[in-house]
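A.B. asks: Let me give you the structure first, and then I'll get to my questions.
Since every read-out is calculated from the coordinates, none of them should be taken as a lab result. Everything numeric in this text was worked out from a predicted model, so none of it was measured. Using ideal geometry, Cβ is built from the backbone for each residue, glycine included, and neighbour counts are taken over all protein chains shown.
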Amino acid sequence: MILVTGGAGYIGTHVVRSLIRHGMDVVVYDRRPLPQPLLDGKPFLPVPFVVADLADRQALDETFEKYEFEAVIHLAGDIVVSESVAEPEKYYLNNVGGGMSLLAAMRRYGVMKIVFSSTAALFGLPERVPILEDDPVRPINPYGRTKWMFEQMLDDYDRAYGLKFVSLRYFNASGADSSGLIGEAHDPETHLIPLVLEVPLQKRPYVSIFGTDYDTPDGTAIRDYIHVSDLAEAHVLAVKYLRDASESRCYNLGNGRGHSVREVIATAEEVVGASIRTVETPRRPGDAERLIAGNERIINELSWKPNYNDLNVIVESAWRWHKGQN
Ligand code: UDP
């Protein structure tokens, strides 16, 4: 049995989907209920879920009492960089405090394996791309710092208590499950692909291009967009690795290829078959010029293999889901 914290979110639902496909038993723990779409009249994500906060010790204890967990996949956390600057306390409480509360519960119940959703934001404004796991970690906002703090805690718990972990440093998760039943929706939405697709859906009048003066071929920032289903599969591999791992590991998780903001918008126009209105604005504070994953480590060590690493396929899958939400 695997406990997935944050399993009701965008990445969480895709991770749950992958675990189910691999025949693993799953319990979701999230502040929000698990979405319950139906496929041919049957639940698409047929797993038990607990609606509670990580700060709720009683709810955690009841969950660990009730089920016997082999490992925890810890995805629960707040993710909006600008909010983390304005309201750092929320981020320290949820991402660090909530994580500590989870680790304490794991120790109380002797569950000593964890897969953690970390982030490329650890690397701040990197000096070079592709970014390798051992490149300098220099987060530039509270969000990135909370993720880094938790990675360091995991390291300390490993040394002191023998906890084994896999930390997956996500690049830009995007796209949606091929069923079209689960997908990306944040409130507020801050991510590029959903924002772009909301223009043809007439949910917003235009999409902003944050900065056109970067030192890149078209002047806009470059990111490594990884299909969320490929990202989810890495969690299954990480759980399998931890079954007999003697060493904890960190992995960068991306396709190893970058696309500019303008390329994303052009791809979306092709997929949607309409032009998408854009407005050029100054850079968003704290945005790096280029973030591209050096992904050889996870490919070599966990045999991870992306199946949907084409930007067209990623945007198409996102579009299928977004259209279905109307
Ligand atoms: N971006 C943009 N307009 C938007 C949202 C994002 O130009 O409305 C850019 C952003 O500056 C970055 C890229 O799109 O270069 C991806 O941003 P997102 O917020 O999706 O992910 P991040 O890379 O910040 O984690």
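A.B. asks: Could you rank the peptides 191-197, 318-324, 205-211, 280-286 by their average count of other C-beta atoms within 10 Å per residue, with the highest value first? Don't skip to the answer; put the middle values down first.
C.D. replies: On the way: 191-197: 22.9, 318-324: 19.4, 205-211: 16.4, 280-286: 12.9.
The most tightly packed comes first, giving 191-197, 318-324, 205-211, 280-286.
A.B. asks: Over the range 215-326, calculate the relative contact order: mean separation of alpha carbon pairs under 8 Å at least 6 apart, over the residue count, as a percent.
C.D. replies: 42
A.B. asks: What's the exposure ranking of Val51, Val4, Val271, going from fewest to most Cβ atoms within 10 Å?
C.D. replies: Ranking Val51, Val4, Val271 by Cβ neighbours within 10 Å, fewest first, gives Val51, Val271, Val4.
A.B. asks: Mean residue ellipticity at 222 nm from the helices of the chain, using -39,500 (n - 2.57) per DSSP H segment of n ≥ 4 over the full residue count, to the nearest 500 deg cm²/dmol?
C.D. replies: Only helices count here, giving -11000 deg cm²/dmol.
A.B. asks: Please count, across the chain, the pairs of lysine residues with Cα atoms under 22 Å apart that sit 8 or more places apart or on different chains.
C.D. replies: Here the count comes out as 10.
A.B. asks: Right, something else. Exposure proxy check: His259, His227, His22 ranked by fewest other beta carbons within 10 Å? Working shown, then result.
C.D. replies: Numbers: His259 22, His227 26, His22 13.
The most exposed by this proxy come first: His22, His259, His227.
A.B. asks: On C-alpha positions alone, give me the angle between the axis of helix 142-161 and the longest principal axis of the chain, in degrees, nearest 10.
C.D. replies: For helix 142-161, the angle is close to 30 degrees.
A.B. asks: Treating the angle as unsigned and between 0 and 90°, give the value, to the nearest 10°, between the Cα long axis of helix 228-243 and the longest Cα principal axis of the chain.
C.D. replies: 20
A.B. asks: Would you please classify the overall shape of the range 80-141 from the alpha carbon gyration tensor, given that a ≥ b ≥ c denote the square roots of the eigenvalues, rounded means a/c under 1.5, and beyond that prolate means a/b larger than b/c while oblate covers the rest?
C.D. replies: Since a/c reaches 1.5 but b/c is at least a/b, the shape of the range 80-141 is classed as oblate.
A.B. asks: Pop a pseudo-label 7 angstrom from the Cα along the beta-carbon direction at both Gln36 and Glu296 and give the gap in nm to one decimal.
C.D. replies: In this crude spin-label approximation the distance works out to 4.9 nm.
A.B. asks: Shape verdict for the range 120-172, please, from the Cα gyration tensor: rounded (a/c under 1.5), prolate (a/b greater than b/c) or oblate.
C.D. replies: Because a/c hits 1.5 or more and a/b exceeds b/c, the range 120-172 counts as prolate.
A.B. asks: Evaluate the chain: find the radius of gyration of its Cα atoms, find its Kirkwood radius, and give the ratio Rg to Rh.
C.D. replies: Here Rg/Rh amounts to 0.95.
A.B. asks: Report Rg(Cα)/(2.2 N^0.38 Å) for the range 151-230, keeping two decimals.
C.D. replies: 1.55
A.B. asks: Using Stokes-Einstein with the Kirkwood hydrodynamic radius over Cα pairs, what translational diffusion coefficient do you get for the range 1-105 at 20 °C and a viscosity of 1.002 mPa s, in µm²/s rounded to a whole number?
C.D. replies: On the way: Rh = 14.3 Å.
Estimated via Stokes-Einstein, D reaches 150 µm²/s.
A.B. asks: Among the trypsin sites (Lys or Arg not before Pro) in the range 121-204, which ones are in a DSSP loop with at most 11 other Cβ atoms within 10 Å of the Cβ? Mind listing them?
C.D. replies: Qualifying residues, ordered by number: Arg128.
A.B. asks: Just to confirm the number: angle between the C-alpha axis of helix 261-272 and the first principal axis of the chain, 0 to 90 degrees, nearest 10?
C.D. replies: The angle comes out near 80 degrees.
A.B. asks: Further question on the same structure: Cα centroid distance between the range 83-138 and the range 200-227, in Å?
C.D. replies: Going from one Cα centre to the other spans 26 Å.
A.B. asks: Here's something else I'd like to know. I'd like the per residue volume of the convex hull spanned by the Cα atoms of the range 128-271, given in cubic angstrom. Please report the intermediate quantities before stating the final value.
C.D. replies: On the way: hull volume 21.9 nm³, N = 144.
Normalising the Cα hull of the range 128-271 by residue number yields 152 Å³.
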